[in-house]
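K.L.:
Please read through the structure below; I'll follow up with questions.
The values are calculated or read from the model by the stated rules, or taken from the named source; none is laboratory data. These numbers come from a predicted model, not from an experiment. Cβ: placed from backbone, ideal geometry, glycine included. Neighbour counts: every protein chain shown.
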Amino acid sequence: MDTINWLQDWYKQNCDGDWEHSYGINIYTLDNPGWSVNIELTDTNLEFKNFETIQIYINENNWINCKVTNGKFIGGGDSDKLETILKIFKEWVIINEKAI
């Protein structure tokens with residue numbers, strides 16, 4: 001399954017009549033240029049899971065930063081990193097689902 005379809009499924013699985021009214025997924029562009037991805041983890045099975053921060057900076061055109069803080073997965077990267085950010089989130093979710 002491709003990453004976008006997988007993310008749609010993850011979102012649907014967390015929509016329970018309440019969660020989607022307060023939380024969700026935001027993907028937007030940055031002006032440097034780049035991408036920002038914020039995924040709310042509150043009231044999901046990932047809310048208290050550990051995430052090892054990923055921070056790679058080669059130059060202003062090649063960078064990525066993913067972390068979990070304050071109940072959110074926050075990913076950022078250069079203009080070529082949107083799919084990479086989403087794949088990092090996907091791999092983390094899959095690892096944690098296997099641990100349940």
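K.L.:
For residues that are in contact (Cβ under 8 Å) with a residue 40 or more places away in the chain and either assigned to a loop (DSSP other than H, G, I, E, B) or not small (Gly, Ala, Ser) (or both), tally how many sit in segment 42-77.
P.N.:
Result for segment 42-77: 4.
K.L.:
Filter segment 81-100 down to the residues that are crowded, with 19+ Cβ neighbours inside 10 Å and touching a residue at least 60 places away in the same chain (Cβ under 8 Å), then identify the one that is nearest to residue 37 (Cα to Cα).
P.N.:
Only one residue tops the list, namely 86.
K.L.:
So, residue 58, is that one at pLDDT 95 or above, exposed (fewer than 14 other Cβ atoms within 10 Å of the Cβ) and hydrophobic (A, V, I, L, M, F, W, C) or not?
P.N.:
It is true that residue 58 is at pLDDT 95 or above, exposed (fewer than 14 other Cβ atoms within 10 Å of the Cβ) and hydrophobic (A, V, I, L, M, F, W, C).
K.L.:
Just name the residue that is nearest to residue 79 (Cα to Cα) out of those in segment 30-52 that are of a type in the set (Val, Ile, Thr) and touching a strand residue (DSSP E or B) at 6+ places or on another chain (Cβ under 6 Å).
P.N.:
Residue satisfying both the conditions and the ranking: 37.
K.L.:
For segment 1-29, enumerate the residues that are farther than 19 Å from residue 87 by Cβ, in contact with a strand residue (DSSP E or B) (Cβ under 9 Å, 6 or more places away or on another chain) and exposed (fewer than 14 other Cβ atoms within 10 Å of the Cβ).
P.N.:
22, 24
K.L.:
Of the residues that make up segment 20-35, is at least one assigned to a helix (DSSP H, G or I), within 20 Å of residue 2 (Cα to Cα) and aromatic (Phe, Trp, Tyr)?
P.N.:
The answer is no; no qualifying residue exists.
K.L.:
Out of all the residues in segment 1-21, is one or more free of Cβ contacts under 8 Å to residues at least 24 places away in the same chain, farther than 17 Å from residue 78 by Cα and of a type in the set (A, V, I, L, M)?
P.N.:
Within segment 1-21, one or more residues are free of Cβ contacts under 8 Å to residues at least 24 places away in the same chain, farther than 17 Å from residue 78 by Cα and of a type in the set (A, V, I, L, M).
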